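The values are calculated or read from the model by the stated rules, or taken from the named source; none is laboratory data. On a predicted model such as this, the values are computed, not experimentally measured, just so you know. Here the Cβ positions follow ideal geometry from the backbone for every residue, glycine too, while neighbour counts run over all protein chains shown. Heavy atoms of the whole protein, side chains included, go into the accessibility calculation; ligands, DNA and RNA do not. Shrake-Rupley method; radii C 1.70, N 1.55, O 1.52, S 1.80 Å.
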Amino acid sequence: MTETDRLITERVLPFREKILEIVKEKHPYIYSVANAVLSGNKNMVGLQVTQGGRLIGEYTFHLDGMHIERVDTGKLDSGLHHPFLGLVKPYAIIERSAIERILADENFSTQLFGAITTYLPDITIKFLR
């Protein structure tokens with residue numbers, strides 16, 4: 001397991017669960033709708049992590065509703081069953097330094113949506129064919 005794999009599995013995943021709990025507490029309607037839309041299907045989302053523009057890690061997150069049930073490292077795959085669009089295959093590309101800045105940002109627990117918008121320019125969303 002690489003250092004980047006450990007960053008994703010040991011730091012990002014617990015951080016994401018913490019954020020989901022905050023959303024569930026502060027915005028229960030948004031959480032319940034998103035969780036219901038993603039439940040009951042074998043949904044996956046992909047992630048590529050780069051450093052200095054060079055690819056250093058690929059991940060496939062297997063979802064159970066809004067929660068990640070497992071991660072495949074070294075593999076990029078995705079497939080979200082959207083109620084109106086059918087199967088879409090999104091994946092994100094983000095620099096490792098941006099992940100580390102996000103993990104260190106304390107605003108995520110108090111001003112979630114404001115904090116998220118700060119990092120959107122650091123994330124590129126693409127779709128597999």
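For this structure, a couple of remarks:
- Taken along the Cα-to-beta-carbon direction at a fixed 7 Å, the label points for residue 112 and residue 32 span 1.5 nm.
- Measuring nothing but protein heavy atoms, the accessible surface of the chain at 1.4 Å probe radius is 56 percent carbon and sulfur.
- For the listed peptides 89-95, 59-65, a ranking on the average number of other beta carbons within 10 Å per residue, highest first, reads 59-65, 89-95.
- Sites matching trypsin sites (Lys or Arg not before Pro) across segment 20-73 that sit in DSSP coil, with at most 12 neighbouring C-beta atoms within 10 Å: 42
- Whole-number accessible area per residue in Å² for the chain, which is evaluated in the context of all protein chains at 1.4 Å: 60
- Estimated vicinal HN-Hα couplings, Hz - segment 14-31 in sequence order (Karplus 6.51, -1.76, 1.60; Gly, Pro = x): x, 4, 4, 4, 4, 5, 4, 5, 5, 4, 4, 6, 8, 9, x, 5, 4, 4
- In angstrom, the C-alpha Rg and Dmax of the chain are 14.5, 39.
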